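Participant: The structure's right below; bear with me while I get my questions together.
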């Protein structure tokens with residue numbers, strides 16, 4: 001049985017869509033730590049390498065939790081099925097410099113919902129199951145958002161995110177450093193946030209994967 005845990009965020013924007021690099025296949029649960037930081041024109045995502053399924057603990061740096069799909073970065077936490085759909089069957093809309101929040105609501109979220117439905121996955125049914133679902137961090141052109149299992153999306157005022165079973169520990173570390181994060185130290189702090197989570201959360205373990213994305217438009 002897989003346990004699904006969601007971390008809390010301080011939110012600036014919340015929207016819901018109601019209708020409307022690839023990776024190797026990997027099965028993982030919310031028993032993990034994924035962090036994201038948006039600073040100036042840069043986004044960095046960092047994640048641990050532990051995969052937990054039932055009582056099995058596997059350390060695998062060859063099955064990353066952060067993937068590239070076109071010019072989008074995705075950090076994946078939760079059920080493997082929707083993550084596989086986005087990794088292999090999602091056609092993300094090419095970003096052309098529109099307002100990022102509007103782009104998420106009008107283009108990105110409908111394209112994700114379409115991919116789910118075309119591949120037989122019903123996210124709103126999954127959202128009713130406390131032991132299923134997903135949490136994602138998604139970045140395009142240096143803009144970072146959190147997508148929840150009900151297909152709502154949020155953007156943090158402070159530009160820091162932490163999800164998964166160790167996300168609260170990592171997020172606490174990052175919030176303590178808000179205002180002191182710079183382009184020169186942001187990767188160091190992203191890694192350290194996951195390292196701290198690995199000490200406190202039994203489902204998080206190095207090595208740590210870090211991926212950055214800069215602004216192009």
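The values are calculated or read from the model by the stated rules, or taken from the named source; none is laboratory data. Quick caveat: nothing in here was measured; it's all calculated off a predicted structure. Please note: Cβ atoms are built from the backbone with ideal geometry, for glycine as well, and neighbour counts cover all protein chains shown.
Participant: For residue 203, which of the numbered conditions (1) part of a loop (DSSP other than H, G, I, E, B); (2) in contact with a strand residue (DSSP E or B) (Cβ under 7 Å, 6 or more places away or on another chain); (3) modelled with pLDDT of 95 or more fails to hold?
Facilitator: (3)
Participant: So, in the stretch 68-88, exactly how many residues are surrounded by fewer than 21 Cβ atoms within 10 Å (Cβ to Cβ) and in contact with a strand residue (DSSP E or B) (Cβ under 7 Å, 6 or more places away or on another chain)?
Facilitator: Counting residues in the stretch 68-88 that are surrounded by fewer than 21 Cβ atoms within 10 Å (Cβ to Cβ) and in contact with a strand residue (DSSP E or B) (Cβ under 7 Å, 6 or more places away or on another chain) gives 3.
Participant: Turning to a different aspect of this structure: Quick check: anything in the stretch 89-102 assigned to a helix (DSSP H, G or I), buried (at least 17 other Cβ atoms within 10 Å of the Cβ), modelled with pLDDT of 95 or more and within 18 Å of the chain's Cα centre (by Cα)?
Facilitator: So far as the stretch 89-102 goes, yes, one or more of its residues are assigned to a helix (DSSP H, G or I), buried (at least 17 other Cβ atoms within 10 Å of the Cβ), modelled with pLDDT of 95 or more and within 18 Å of the chain's Cα centre (by Cα).
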